[in-house]
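Every number in this text was worked out from the coordinates using simple rules, so none of it is lab data. No experiment lies behind these values; they were computed from the predicted model shown. Quick reminder, even Gly has a Cβ in these numbers, built from the backbone with ideal geometry, and neighbours come from all protein chains shown.
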Ligand code: HEM
């Protein structure tokens, strides 16, 4: 339904992958200046472009609910991100057992070893694809191992997660929906076997922790375990990959910043935050309006959905000084790449650690790493999780370090 007194812009299409794949930043700036609460007629969804509104809405789940699902064109799935409190929090407390600070800290040595192995696979070649050879394998290996997936089955896991994400991104065809359903069935069968095994024989992996987690006498049943582990797979795989690849692209296209990080390695934590702000790989999450409500002169009606445009919020000029400048020393940097409020990313410390260790290891082992093409990398045209498909790089060949 058309909205009265509302500016429109033919370049904005919030449910189309092509919008996010083709530099949406000038359009976000237009929205923030002219229509920060933007009605997208074709997609039938509101877009929330300013930092203040993204945060305020995330803090008001009674008015802006997750129970209608986090995608604009889909209903909810039985996972915690599609629930409101207290149901959501009861689930989250259980899953959180797998993400305690101690458990994450204990992953550090493993992450470093995996990063070195990944670099060993390409370091003698002098050139590689930073997306497929470097950035993609790290979260995949970490999550695969956490969920009890055998190394030889990681390819299947990647395919299932890709097929399921594709069906939720952009205009899915019937064929894509069928492929996604088949992928879910296969994932479900695989995870059920791991769950049954961990019930009998506990290990120290994440799946085993989730199987045995108990809070106030509450536990996750098998179906809940399948869905929550799926959320972890989808939430932690492509996202982390894109921050490593597009974050490294920014670093390599700003040689002064790269030099600074090599000379002053203590800047790594603020560099990771700037990569997160800059990339914001999750482009949006949906909320459903529970009652008619007015915001910036617009009336949002009960039942309508809105999209929290994290990448726009993270370039908001009223919050970030020179937001279009990539600055590894940026302070403060209170970005919303991990969202805000009760659904704030559960995997944030693990993701931060993976990005940090990979960037450190790359700069230590391949210090003259540089872009091998003048073209900016093409982005995957998706309306949910977006990042480069390929990023050719080159460096002086060097010897492997692991045996
Ligand atoms: C750079 C990488 C990542 C980014 C940018 C990211 C971003 C996000 C965002 C924006 C949300 C929604 C927050 C909200 O609605 O307020 C979220 C939720 C979530 N993320 Fe992440 N994420 C990343 C990595 C991970 C990893 C590695 C895992 C797990 C291994 C993970 C697991 C989750 C889970 C389980 C939720 C749902 C939390 C809830 O509903 O309470 N994420 N993430």
Among 80, 31, 176: highest mean-square fluctuation, GNM of the chain, C-alpha pairs under 10 Å: 176
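Hey, what does the equivalent ellipsoid look like for the chain, semi-axes from the Cα gyration tensor as sqrt of 5 times each eigenvalue, largest first, whole Å? Intermediate results must be reported in sequence, preceding the final value.
On the way: eigenvalues 208, 164, 73 Å².
Equivalent ellipsoid of the chain: 32, 29, 19 Å, largest first.
In the calculated pair distance distribution of region 1-152, what percentage of Cα-Cα distances lie above 23 Å?
Value for region 1-152: 61 percent of Cα pairs lie more than 23 Å apart.
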For 25, 310, what ranking results if the residue with the fewest other Cβ atoms within 10 Å of its Cβ goes first? 25, 310
Taking N as the residue count of region 231-365, its alpha carbon Rg divided by 2.2 N^0.38 Å gives 1.19
Pick from 264, 125, 277: which is most flexible by mean-square fluctuation in a GNM of the chain where alpha carbon atoms under 10 Å apart are linked? 264
Residue 74 paired with residue 87, simple spin-label distance in nm, labels 7 Å along Cα-to-beta-carbon: 1.8 nm
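Kindly rank 3-14, 66-77 from highest to lowest mean number of other beta carbons found within 10 Å of each residue.
Details: 3-14: 13.0, 66-77: 18.7.
Output ranking for 3-14, 66-77: 66-77, 3-14.
Given contacts defined as C-alpha pairs under 8 Å and at least six residues apart, what's the relative contact order of the chain, whole-number percent?
On the way: 654 pairs, mean separation 111.0, N = 403.
Worked out over the chain, it gives 28 percent.
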